[in-house]
Each structure stands twice: as structure tokens, then as C-alpha cells.
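Engineer: If you scroll down you'll find the structure; I have some questions about it.
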Amino acid sequence: MATGWAGDGAVQDQIDATVKDGIKRARSQLPQGPGLERCEECDAPIPEARRKAVPGVKLCVACQQAHDEEDGAHSGYNRRGSKDSQLR
């Protein structure tokens with residue numbers, strides 16, 4: 001059922017578009033190319049198993065974890081669960 005000027009399924013279309021944008025953003029941030037043998041930040045060796053599992057890896061596990069925690073603190077998402085946070 002449409003309300004106002006929105007067509008049927010408009011809210012779901014907006015949610016789907018937001019999810020697709022999030023997936024695209026996450027994929028663009030994945031490492032690419034050949035991985036490094038030593039960490040870019042602390043110069044610790046990166047195990048071969050990690051280099052095979054994560055193509056293009058540039059950080060050791062400890063530095064990657066610290067980097068991810070930093071990024072999580074500054075994410076632009078409203079996680080309160082209100083309807084407005086789900087719409088563009």
C-alpha cells in the first residue's frame with residue numbers, strides 16, 4: 001500500500017539501495033594486488049597463511065585490528081534503529 005507520493009515498495013527500495021551502497025563501499029576498501037611480507041606500520045612479518053587468505057594484505061593482524069577499531073569509532077551510521085536511519 002502506497003502512502004503519500006511514494007510508490008509501492010519505495011521504502012524497501014531505499015533500504016535495498018542503502019545495503020547495495022554499503023556492500024560496494026566495503027568491497028572498494030578490500031586490499032588488492034600483491035601482499036607485503038612485512039607489516040607496513042610495525043615491520044612485523046606477515047605469515048604466509050595470512051597473505052594467502054587476504055590478497056593484498058599490508059598490515060599484520062594486530063595493526064589491522066587497531067585500524068579496524070579506529071574506523072569503527074568513526075563510522076557514519078546511525079545505529080539507534082529509528083526508521084529515519086534506514087532511509088536515505
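The values are calculated or read from the model by the stated rules, or taken from the named source; none is laboratory data. Source: prediction; values computed, not measured. Here the Cβ positions follow ideal geometry from the backbone for every residue, glycine too, while neighbour counts run over all protein chains shown.
Engineer: For segment 31-43, enumerate the residues that are part of a loop (DSSP other than H, G, I, E, B) and either in contact with a strand residue (DSSP E or B) (Cβ under 7 Å, 6 or more places away or on another chain) or free of Cβ contacts under 8 Å to residues at least 12 places away in the same chain (or both). Working first, answer last.
Structural biologist: In the first step, residues of segment 31-43 are kept if they are part of a loop (DSSP other than H, G, I, E, B); the result is 31-37, 39-43.
Selection gives GLU37, ASP43.
Engineer: Same structure, new question: Before we move on, is GLY56 at pLDDT 85 or above and part of a loop (DSSP other than H, G, I, E, B)? Write out each step before concluding.
Structural biologist: Details: at pLDDT 85 or above: yes; part of a loop (DSSP other than H, G, I, E, B): yes.
Against the criterion (at pLDDT 85 or above and part of a loop (DSSP other than H, G, I, E, B)), GLY56 qualifies.
Engineer: Taking the stated definitions as given, is GLU70 among the acidic types (Asp, Glu) and surrounded by 11 or more Cβ atoms within 10 Å (Cβ to Cβ)? Show your work before the answer.
Structural biologist: Working: among the acidic types (Asp, Glu): yes; surrounded by 11 or more Cβ atoms within 10 Å (Cβ to Cβ): no.
Criteria not met by GLU70.
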